[in-house]
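Written below as structure tokens is the structure these notes are about.
Every read-out reported here was derived from the displayed coordinates using simple, explicitly stated rules and does not represent laboratory data. Bear in mind the structure is a predicted one, so any value in this text is a computation, not a measurement. Cβ placement follows ideal geometry from the backbone for every residue including glycine, while neighbour counts extend to all protein chains displayed.
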Amino acid sequence: MLLILFSYLNMPHLFLRSALLIVLMMNAACTSLPVGSRLPAAFARAAQEAGVPPDAIAIQIESVGASAPLLAHHAGAAMQPASLMKLVTTAAALDLLGPGYRWNTRIYTNGIQSGAALQGDLIIKGSGDPRLSQKDLWSVLRNLRAQGIQHISGDLLLDRTLFELTTDDAIQFDGKPERAYNALPDALLLDTKTLTLHFVPDEKNQIVQVRTEPYLASLQVTAPKLVIGECGAWRKSIGLEFAPQALRFDGSYALACGEQHFPIHAYNYTHLEYFDASLRQIWSELGGTIAGSTREVTLSQEAHGVEHEIAAWQSVPLSDVIRDINKYSNNVMSRQLLLTLSAERGVKPATKISGVAILQDWLLARGIKTAGLVIENGSGLSRNERISAADLARVLQLMWHSPTMPEFISSLPLAGVDGTMRKRVQNMDVKAYAHIKTGSLADVAGIAGYVTARSGKRLIIVCMINHPNADKLRGAMDTLLQWVYEHN
């Protein structure tokens, strides 16, 4: 640069001196662009206004297939990713299991059918299916009715031993066990143990009807009082209290609220109780009866080799399951996937320790370093999990060049269109031009995925913020997506 300046000062011709001055000005303008480790001006300004220091932010932006980033800020630091960790779990599962992988829930008996009666026990072996639903269970039981079975003279035996029986407590993470995101994994997970409450005000009788989906005959519900007034924060005003297999509403519900619904995690039921109550209700609605009680077993020990299969349910393919996991950030389904990786490796009962080791081995085998990486359950619902923006970008690069790239990318929310990005970037040009996974915890916010720029270039973006004011930068992250769309 000094040599250029010296040449400039000694040029005899004004034209040549002016030309070189233009070159110098262009060079200065180029070096002022937000490349390298410099944050885009609007994002940096928003962070400063929100009181978020630069070292609480990690960003990596790079072109697909590039060997060096376009922008790397604090990218090597291990950060809390929240749900961005699901990208690692789902990527590994696609690679190791294949997009067509399915879970098979099998139904056995150790007895024989005599007319409409099954003279023996009904045995169900859990497969860890993350998406097993009430509708699926209905289909299986309808199959039994189609075989002419109406009465089961023995017991209902449930085998949940494929996965290690968890000792985790749903209340441990944030003290809100009723929140759906706190559901825990199980080999016989059913509808992610969700209970949807439907509130219907009845003005004529001055009561509130509370219906539950699924309907559980064993669940006792005490409805809230119906009052006149504005609706307001009705979920808080109803005064929901949990008791074993009971729900009490000690508060009130305003007539102005109309019909509302409220999905909760039925943590006041164990996995066994929830599955048992659901199955017995469906079987009853199909006209069936079960004479015996419900017990937990290990199939091979209980049946002594005399069991035979009488029905089965095959899940949707893995490619569909990871859409639910990534588009809607389903924590328990992600944890089911981690345990499935362990079970498929032959670890039975499957443990999250083994599942974590499989993820780490997979990353190393694909050339992605694991220094600073911490995986606890593979869902991001953790205060311990850590990954750097640079390493997460490498996972995204890996999946872009993977044979399962279409399945992986289509599992991510389409910005401004669906999933957890449905309401964001609504008035920005980047809408529908980015597939972005979101991550959110108290003091944590992040985005990661792929952007198709206005130029047609494909870019990878990872942004993680770990700070008490992280939530204030969600709009700034949307602006960052728009910046990537416009400037590349």
### Query
Where the centre of each part is set by its Cα atoms, how far does the stretch 453-488 sit from the stretch 376-405, in angstrom?
17
### Query
Which whole-number percentage describes the relative contact order of the stretch 411-488, with Cα contacts under 8 Å and a sequence gap of 6 or more?
25
### Task
Taking the Cβ of GLY65 as the centre, find all other residues whose Cβ is under 14 Å away and add up their charges (Lys, Arg: +1; Asp, Glu: -1).
+2
### Query
Using the C-alpha atoms of the stretch 137-208, what convex hull volume per residue, in cubic angstrom, is computed?
197
### Query
Once the Cα gyration tensor of the stretch 76-212 is found, what semi-axes does its equivalent ellipsoid get, as square roots of 5 times the eigenvalues, in whole Å, sorted largest first?
34, 28, 15
### Message
So for the chain, averaging the separation of alpha carbon pairs under 8 Å that are six or more residues apart and normalising by length, what relative contact order in percent results?
### Response
22
### Task
Please arrange CYS463, CYS257, CYS231 by counting, for each residue, the other beta carbons lying within 10 Å of its beta carbon, fewest first.
CYS231, CYS257, CYS463
### Query
Cα to Cα, under 14 Å, and not fewer than 8 places away if on the same chain: which aspartates and glutamates meet these conditions relative to LYS457?
GLU62, GLU486
### Two-site FRET efficiency, LYS135 against ARG38, from Cβ-Cβ distance with R₀ of 60 Å, rounded to 0.05
0.70
#### Entry: Length added when fully stretched, SER252-ARG102, from 0.36 nm per residue minus Cα-Cα
49.5 nm
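Which of TYR274, TYR450 has the fewest other C-beta atoms within 10 Å, and how do the rest follow up to the most?
TYR450, TYR274
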### Query
With the contact rule set at Cα under 8 Å and sequence spacing of 6 or more, what percent relative contact order holds for the stretch 242-391?
12
### Task
Give, in whole angstrom and from largest to smallest, the semi-axes √(5λ) of the equivalent ellipsoid of the stretch 193-349, with λ running over the eigenvalues of the Cα gyration tensor.
37, 22, 14
### Shape category assigned to the stretch 409-488 from the gyration tensor of Cα positions, a/c cut at 1.5
prolate
### Hits among lysines - C-alpha to C-alpha of LYS125 under 22 Å, sequence gap 8 or more where chains match
LYS135, LYS193, LYS348, LYS352
### Task
Work out the FRET efficiency for ALA291 and ARG474 from their Cβ-Cβ distance, taking R0 = 51 Å, and round it to the nearest 0.05.
0.35
#### Entry: the stretch 180-265: projected area of the alpha-carbon convex hull, averaged over directions, in nm²
6.0
### Task
Evaluate the charge dipole of the chain about its Cα centre and quote only its size in Debye, nearest 20, assuming +1 on the Cβ of each Lys and Arg and -1 on the Cβ of each Asp and Glu.
1420
### Message
Need one number: the % of Cα-Cα pairs in the chain sitting beyond the 34 Å mark.
### Response
47
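Let me check I've understood the local charge: for ILE409, count other residues with C-beta under 12 angstrom from its C-beta, Lys and Arg +1, Asp and Glu -1. What total comes out? Write down the numbers at each step before the final one.
Working: positive: ARG323, LYS327, LYS437, ARG458; negative: GLU407.
After counting each charged neighbour, the total is +3.
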